[in-house]
Amino acid sequence: MFRIRRIYDDFLNADKEAIAEVQSIIRDQFPLISEKDVAHLPQLLRNPLKHRFRPILFIAEDVRRGVRGFALVLHAPDLNFAYLDFISTTRQATGRGIGGALYQRIREEAAALGAVGLFFECLPDDPGVCRVPEILAQNADRLRFYERYGARPIMGTAYETPCKPHDRCPPYLVLDGLGREQPLTRETARVVVRAILERKYGASCSPGYVEGVVDSFRDDPVRLREPRYSPATIKSRVQAGVPPDRRIRLIVHEGHAIHQVRERGYVESPVRIPSILKELEPMPIFERVKARHFSESHILTIHDRGYVRYFEKVCATLEPGESVYPYVFPIRNRACPPRDLAMQAGYYCIDTFTPLSREAYLAARGAVDCALTGALALATGDRLAYALVRPPGHHAERRTFGGFCYFNSTAVAAHYLSSLGKVAVLDIDYHHGNGTQNVFYERSDVLTVSIHGHPRFAYPYFSGFENEKGIGRGQNFNINYPLRETVDGPMFRDALRRALMHIRVFRPAFLVIAFGLDTAKGDPTGTWLLGSRDFEAVGRMIGLVRLPTLVVQEGGYRTRNLGLNARHFFNGVFQTAWP
């Protein structure tokens, strides 16, 4: 078993280790490549435009995250073509289908980029061109493999002319047209060949050599060698669909419905999750991932131990179907908390409408597990994850609950990721994420940005003001955008544009979105006017940040359009998230 995924840089330890394994494969399988070029790979990924090629690195890794093969493609976005620089497996993985899977994946990527073709070099199988008999058979095997996909050498040119007189086996230039019917024109071929020779071989090939090879492309359209090994190109057409490594990891809180409060008017109901899932499940951009169970220590890094113990204890004492609402709010004297559990509800709560039930603790624990599973996906190389959970969490502070929130899943996930690099939390729920602000208010490694209804009219009323900017080391690392009571799509996007500017300046390694759908028109807890197209535009703006992104579900209570708005949001994110 193996999976293919793309590596964007060497920031994460997991990716740094994978790149080191790729370098080891290059040294083993391509011994003529200089050590300088091998060592240059991480820098190439970090500075993609330096050599006028954008590197795209895919690896095939086993269940233990060991690299079993890789492919490195150089994309020229200015000229609209892709060049396959390397593709190889380890010696132990040869013949296990890994090379074919990698090649098919890069064909899909090239097609998605709209490339005119996938070009690469392959050593010749013609004894008149290659005078090294011992490798002719290997060359033939490679060309046989590529021919099955419709990739064939370009004929009638001087590309096989050695750049240096001592070169004994100059390569063919091979074209994979990616299953397209339209042939390659002479003019396009000349542009591509000049770019390959100048950008990749400029240090070793003279300008005169480059001009001679480019001018030798005279057939229009270019002429490909007739199939020599395969009677038909059985895999020439690029497969449709979304490759697995591009899909959004979807983690659904399967046990969310155990927390069901049946009192009339209680809007945080179980139907919220299936309303969203109904619209998302048919989308090919998602891949369901089962939530993992994490230790309580992750919660205790965010929440006060006394609160956590109280929450667990009071829920265990309640009967099935019984709910306790805070109704007494004693002065919070830490030395003398109330003894009565019902009164302690007011000691730990910020409102009168968030109930405690027998199942609330377990439901909140499950939501945290889902958020952490999404965070782990990002930490191990995935780019997008969505924790579809309830109850929500962003109103839960270190030692208080409220606003239907008990454990702050968003904050727990952000803290987990902060051990790997800086994190930006963007809260786009209608209500201010007072809990997330409270947790990170004195920290500079986590930037918290919130766009919400002004606290003079919107819950939680006591926080979310513009002058709340953090304290101590956290000074200026908390940013609030409290907006007016009536906000439409353009007004929201204007605030979002400013919020994203702060995030880009901060330069985080990860982005965590506290995702509220209660900004939608008609939501029973909000007053704003966003429609489905607005959510799609918001998604596109967030996707353009192009960071590993975890989305954690918060509010949104108009079940009639929850799923529609979520579908449009994620469609927008997916359209723009890939560099």
**Request:** Give the angle, between 0 and 90 degrees and rounded to the nearest 10, that separates the Cα long axis of helix 562-576 from the longest principal axis of the Cα atoms of the chain.
**Result:** 30 degrees
**For the stretch 394-474, the Rg and Dmax computed from alpha carbons only, in angstrom** = 12.0, 38
**Reachable aspartates and glutamates from Lys50, criterion Cα separation under 18 angstrom, eight or more residues apart if same chain** = Asp9, Asp10, Asp37, Asp78, Asp85, Glu198
**Asked** Per residue, what volume in Å³ does the convex hull of the Cα atoms of the stretch 2-224 enclose?
**Response** 124 Å³
**Prompt:** Under 19 Å from the Cα of Lys469, which lysines turn up, not counting those fewer than eight places away in the same chain?
**Reply:** Lys422
**Asked** Taking the Cα centre of the stretch 193-338 as the origin, how large is its charge dipole in debye, to the nearest 20, when only Lys and Arg (+1) and Asp and Glu (-1) carry charge on their Cβ atoms?
**Response** 240 debye
**Over the stretch 141-198, volume per residue of the alpha carbon convex hull, in Å³** = 97 Å³
**Prompt:** Given Cα pairs under 8 Å that are at least 6 residues apart, what percent is the relative contact order of the stretch 1-70?
**Reply:** 45 percent
**Prompt:** Per q in 0.10, 0.11 1/Å, what log10 I(q)/I(0) does a Debye calculation on the alpha-carbon atoms of the stretch 409-566 return?
**Reply:** -0.31, -0.38
**Prompt:** FRET efficiency for Arg398 and Arg194, Cβ-Cβ distance as r, R0 = 56 Å, nearest 0.05?
**Reply:** 0.35
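So if each residue of separation counts as 0.36 nm, and I subtract the Cα-Cα distance between Ser297 and Ser204, what length gain in nm does that give? All intermediate terms of the calculation are to be shown ahead of the outcome.
Numbers: separation 93, 0.36 × 93 = 33.48 nm, distance 5.74 nm.
Going from the current span to full extension adds 27.7 nm.
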**Asked** On full extension of the chain, what length is gained from Arg142 through Glu181, given 0.36 nm per residue of separation minus the C-alpha to C-alpha distance?
**Response** 11.7 nm
**Request:** Would you please name the GluC sites (Glu not before Pro) within the stretch 442-488 that are DSSP coil residues with at most 16 other C-beta atoms within 10 Å of their C-beta?
**Result:** Glu442, Glu466, Glu485
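Can you give the extra length, in nm with one decimal, that the chain gains between Val505 and Arg546 once fully stretched, where that is 0.36 nm per residue apart less the Cα-Cα distance?
Result for the pair: 13.4 nm of gain on full extension.
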**Asked** Where Rh is the Kirkwood radius over the Cα pairs of the stretch 364-419, the temperature 10 °C and the viscosity 1.306 mPa s, what D in µm²/s does Stokes-Einstein return?
**Response** 141 µm²/s
**Request:** Sequence neighbours fewer than 8 away in the same chain don't count; with that in mind, list the aspartates and glutamates whose C-alpha is under 14 Å from Lys16.
**Result:** Glu61
**Prompt:** Given N residues in the chain, what is Rg(Cα) / (2.2 N^0.38 Å)?
**Reply:** 1.15
**Message:** I want to make sure I understand the PRE zone here: with the label point 7 angstrom from the Cα of Leu362 toward its beta carbon, which residues in the stretch 305-326 have backbone N atoms less than 13 Å away?
**Reply:** 315-321
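Since every read-out is calculated from the coordinates, none of them should be taken as a lab result. Remember, predicted model here, so these are calculated numbers, not experimental data. Note that each Cβ is placed from the backbone with ideal geometry, even for glycine, and that neighbours are counted across all protein chains shown.
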